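What follows is a short report on a single structure.
The values are calculated or read from the model by the stated rules, or taken from the named source; none is laboratory data. Because the structure is a prediction, the values reported are computed rather than measured. Don't worry about glycine lacking a Cβ; one is built from the backbone with ideal geometry, like all the others, and counts go over all protein chains shown.
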Ligand code: SF4
């Protein structure tokens with residue numbers, strides 16, 4: 001599954017949402033500055049494409065998740081607001097340099113890069129992802145890079161290409177529990193394929209590579225299924241986990257099964273830590289890149305690095 005930070009955006013009217021789920025209005029001095037920078041460099045963000053409810057907070061704090069390989073995806077997950085399109089192998093070769101320039105101008109200490117799925121490319125876009133990490137290393141060597149990737153079609157060579165670029169964090173979202181995966185994710189994605197990606201990354205990645213995943217709650221999963229997903233991710237070597245509420249981006253998307261109260265998220269965070277994750281972020285508004293830097297740093301400390 002691709003870059004599924006894009007899970008559930010916030011439907012603009014906000015009707016029927018519990019009081020703990022609200023989009024915050026834009027605030028802070030950096031918000032217009034960030035928007036101008038991204039527009040100037042023609043860069044897409046998951047924040048905008050996926051109508052993320054945290055956009056205002058993150059942009060005001062000088063953080064955004066940049067989208068690679070365009071802003072349209074070859075897949076159609078039932079929860080995702082990203083437009084589906086088949087670009088027939090077209091890639092903008094200037095994108096890696098533009099992304100690196102944004103990181104340099106923005107003086108980011110930590111950047112999250114994500115991708116749309118590109119099943120139209122033989123390597124799923126792996127070469128472009130790797131080139132982007134390399135360009136960032138050249139432009140801003142101290143910046144930490146979190147790469148949130150799709151499953152690259154299950155291609156081990158494509159994954160090796162990405163790993164060779166040595167991101168600090170390799171993230172891939174499992175999205176949901178095993179039983180719901182076929183209904184929630186595009187048919188080309190798969191629960192076991194995602195776990196295999198982590199196993200391979202753990203074996204082939206550089207020492208110290210941090211692996212991260214994310215699950216949505218409120219899709220109809222049961223507690224035993226969630227516990228099983230935690231155990232599966234840990235067995236596959238995943239260190240960091242985020243848990244957030246699924247929100248329906250539009251009436252055309254999969255309905256929300258239920259809204260999970262904040263206190264229940266706290267309990268699930270404790271269970272995830274008990275399952276062995278080194279870092280967990282959980283809450284109704286948490287998305288896979290939310291406060292990514294602080295989660296990484298706390299996990300690094302826990303992992304002794
Ligand atoms: S449709 Fe699926 S694969 Fe494509 S960006 Fe959305 S979540 Fe990722």
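The table below lists the values:
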{"read-out": "Test: residue in region 97-110 that is touching a residue at least 12 places away in the same chain (Cβ under 8 Å) and closer than 18 Å to residue 150 by Cα", "value": "no"}
{"read-out": "Among (1) away from the ligand (no atom under 16 Å from the Cβ); (2) in a loop (DSSP other than H, G, I, E, B), the one test that residue 97 misses", "value": "(2)"}
{"read-out": "Evaluation of residue 300 against (1) farther than 25 Å from residue 76 by Cβ; (2) modelled with pLDDT under 95; (3) touching a helix residue (DSSP H, G or I) at 6+ places or on another chain (Cβ under 7 Å) (one fails), failing number", "value": "(3)"}
{"read-out": "Which numbered condition residue 105 fails, given (1) farther than 11 Å from residue 168 by Cβ; (2) buried (at least 24 other Cβ atoms within 10 Å of the Cβ)", "value": "(2)"}
{"read-out": "Unmet criterion (only one of (1) surrounded by fewer than 19 Cβ atoms within 10 Å (Cβ to Cβ); (2) at pLDDT below 90) for residue 84", "value": "(2)"}
{"read-out": "Failed criterion for residue 241 (all others in (1) crowded, with 17+ Cβ neighbours inside 10 Å; (2) at pLDDT 95 or above; (3) out of contact with any strand residue (DSSP E or B) (no Cβ under 6 Å at 6 or more places or on another chain) hold)", "value": "(3)"}
{"read-out": "Total residues in region 34-49, condition under 18 Å from residue 85 (Cβ atoms), out of contact with any strand residue (DSSP E or B) (no Cβ under 7 Å at 6 or more places or on another chain) and part of a loop (DSSP other than H, G, I, E, B)", "value": "1"}
{"read-out": "Residue that is farthest from the ligand (Cβ to nearest atom), among those in region 140-158 that are surrounded by 17 or more Cβ atoms within 10 Å (Cβ to Cβ) and assigned to a helix (DSSP H, G or I)", "value": "158"}
